[in-house]
Amino acid sequence: MHPPLLVPSILAGNHARLADSAALVEQLGLLWIHVDIMDGHFVPNLTFGPGMVAALRQTSRLFFDVHLMLDEPHRYIEAFAKAGANNISVHIEPAYDHAGTLARIRALGCQNGIVLNPGTPAEAVEPLLAAVDLVLVMTVQPGFGGQTFRRDLLPKIARIDRWRRERGLDFRLEVDGGIDLATAAECRAVVTDTFVVGTSFFGAADPGEFARSFALMK
């Protein structure tokens with residue numbers, strides 16, 4: 001089982017000073033940062049593009065966990081790989097060549113991930129599990145930060161972990177949406193290992209204390 005990994009989401013950082021938000025993550029000794037890319041079509045919001053990722057890469061050594069919430073993610077993977085992404089995750093829901101896109105991400109030198117929305121059954125990604133480095137289970141409907149964690153999705157997470165163990169696979173199992181110290185513990189109980197945290201981290205009175213408390217989780 002992978003040790004728990006805290007991955008702050010820069011979407012919840014200060015958009016006027018994103019480099020400072022990333023620097024805080026690095027100063028606290030954390031290794032990853034999550035970057036949400038939204039197109040205003042697949043989800044009802046717009047965020048960042050490859051230019052922002054490239055600019056941030058110039059100032060940061062963090063592992064960039066880039067989540068493409070796009071109708072046509074396959075059209076943009078080269079741009080984000082070139083910009084400095086380390087992992088690129090794509091959604092299962094849009095119609096495109098999922099397997100080919102995941103293989104292309106690896107060919108570009110990045111790790112890859114597949115993402116499920118709350119209403120998408122775990123079975124939708126089951127055929128791809130041997131071809132991914134990460135599975136991201138959205139625990140809110142994607143598009144905006146600050147939403148409430150959905151506990152009804154815990155069985156889905158547990159099912160994906162069971163397949164992982166039964167097949168001897170080693171992908172990371174990530175959650176995103178409404179994650180704080182309490183909900184992270186609930187996800188850890190069903191063997192989640194990678195935790196995207198936005199508002200609870202960047203909105204904390206002391207993000208360092210949040211990180212220290214998270215590090216106590218087994």
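Laboratory data are not the source of any read-out in this text; all were calculated from the coordinates shown. Just so you know, these numbers come straight off a predicted model, no measurement behind them. Here Cβ is always computed from backbone atoms with ideal geometry, including for glycine, and neighbour counts include all displayed protein chains.
For the reader, a short list of remarks on this structure follows.
- Under-5 Å amide H pairs with residue 108, H placed in peptide plane, nonlocal only: none
- The modelled label-to-label distance for the pair residue 45/residue 150, using points 7 Å beyond Cα in the direction of Cβ, is 1.5 nm.
- Stokes-Einstein D (µm²/s) once Rh is taken as the Kirkwood radius of the chain over alpha-carbon pairs, at 4 °C in 1.567 mPa s: 76 µm²/s
- Rg and Dmax of region 98-150, Cα atoms only, in Å: 12.6, 36
- Formal net charge of residues neighbouring residue 55 (Cβ-Cβ distance under 14 Å; K, R +1; D, E -1): +2
- ³J(HN,Hα) computed for each position of region 123-140 - Karplus, 6.51 cos²θ - 1.76 cosθ + 1.60, integer Hz, glycine/proline x: 4, 5, 9, 3, x, 9, 4, 6, 10, 10, 9, 7, 10, 10, 9, 6, 9, 9
- Per-residue HN-Hα couplings for region 158-166 [Karplus 6.51, -1.76, 1.60; θ = phi - 60°; Hz; x = Gly/Pro]: 4, 5, 5, 5, 4, 4, 4, 6, 4
- Neighbour net charge for residue 9 - beta-carbon separation under 10 angstrom, K R +1, D E -1: -3
- Phi-based couplings in Hz for region 63-77 (Karplus 6.51, -1.76, 1.60; Gly and Pro marked x): 7, 8, 9, 9, 10, 8, 9, 10, 5, 10, x, 4, 7, 10, 5
- Less than 5 angstrom separates the built amide H of residue 173 from those of 135, 193, 194, all sequence-distant by 5 or more or on a different chain.
- Projection of the Cα convex hull of region 40-110, averaged over all directions and equal to a quarter of that hull's surface, yields 4.5 nm².
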